Amino acid sequence: NSTPLIPRPLLFFAIGLSLLMLALQSVQPTLLYQRESILAGEAWRLWTGNFVHTNINHLALNLAGFWIFLLLCGQNLHLKFLIFSII
């Protein structure tokens, strides 16, 4: 009975997060960090700007890094810790 590289709860979370990041690209202009917009009252951009990417290549590289990290460290991570770290 072998231990999986990524435990099932972590795997489901990672798949969901990856799909969410892809979906957020469709509303990217509304979520980007833009200083002028933040000063005009769009405070959510302070947080959401971290979850959208300048282009699809940037997103692909970040997701690849995330998945490599999970493959290397997934057995030692707990889902609560990962969620807390991302937030």
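Scanning region 1-11 for residues being assigned to a helix (DSSP H, G or I), touching a helix residue (DSSP H, G or I) at 6+ places or on another chain (Cβ under 9 Å) and open to solvent by 70 Å² or more (accessible area, probe 1.4 Å) gives a total of 1.
Exactly one residue out of Ser37, Ser18 is closer than 18 Å to Phe69 by Cβ and either at pLDDT 85 or above or acidic (Asp, Glu) (or both), and it is Ser18. Taking the criterion of being open to solvent by less than 50 Å² (accessible area, probe 1.4 Å), under 17 Å from Ser18 (Cα atoms), part of a helix (DSSP H, G or I) and at pLDDT below 90, the residues of region 46-74 that qualify are Thr48, Leu59, Gly74.
The number of residues in region 29-87 being more than 27 Å from Arg8 (Cβ to Cβ) and of a type in the set (A, V, I, L, M, F, W, C) comes to 11.
Note on region 75-87: residues that are of a type in the set (D, E, K, R) and outside any helix (DSSP H, G or I) amount to 0. Can we say Thr30 is within 16 Å of the chain's Cα centre (by Cα), at pLDDT below 90 and open to solvent by 70 Å² or more (accessible area, probe 1.4 Å)? For Thr30, the condition - within 16 Å of the chain's Cα centre (by Cα), at pLDDT below 90 and open to solvent by 70 Å² or more (accessible area, probe 1.4 Å) - is not met. Pairs are defined by a Cβ separation below 8 Å, a sequence spacing of at least 6 or placement on different chains, a first member in region 75-87 that is closer than 24 Å to Ser2 by Cα and polar (S, T, N, Q), and a second member that is open to solvent by less than 60 Å² (accessible area, probe 1.4 Å) and in a loop (DSSP other than H, G, I, E, B); the pairs so defined are Gln75/Ile6; Gln75/Pro7.
Considering Ala14, Ala23, Ala43, which residue is touching a Leu at 6+ places or on another chain (Cβ under 9 Å), free of Cβ contacts under 8 Å to residues at least 60 places away in the same chain, among the hydrophobic types (A, V, I, L, M, F, W, C) and open to solvent by less than 80 Å² (accessible area, probe 1.4 Å)? Spell out how you get there, then give the answer.
Values: Ala23 fails: touching a Leu at 6+ places or on another chain (Cβ under 9 Å); Ala43 fails: touching a Leu at 6+ places or on another chain (Cβ under 9 Å).
Answer to the check: Ala14.
The values are calculated or read from the model by the stated rules, or taken from the named source; none is laboratory data. Computed from a predicted structure; not experimentally measured. Every residue, glycine among them, receives a Cβ derived from its backbone with ideal geometry; neighbour counts consider all protein chains shown. Side chains are part of the model used for accessible areas, which takes the heavy atoms of the whole protein and leaves out ligands, DNA and RNA. Shrake-Rupley method; radii C 1.70, N 1.55, O 1.52, S 1.80 Å.
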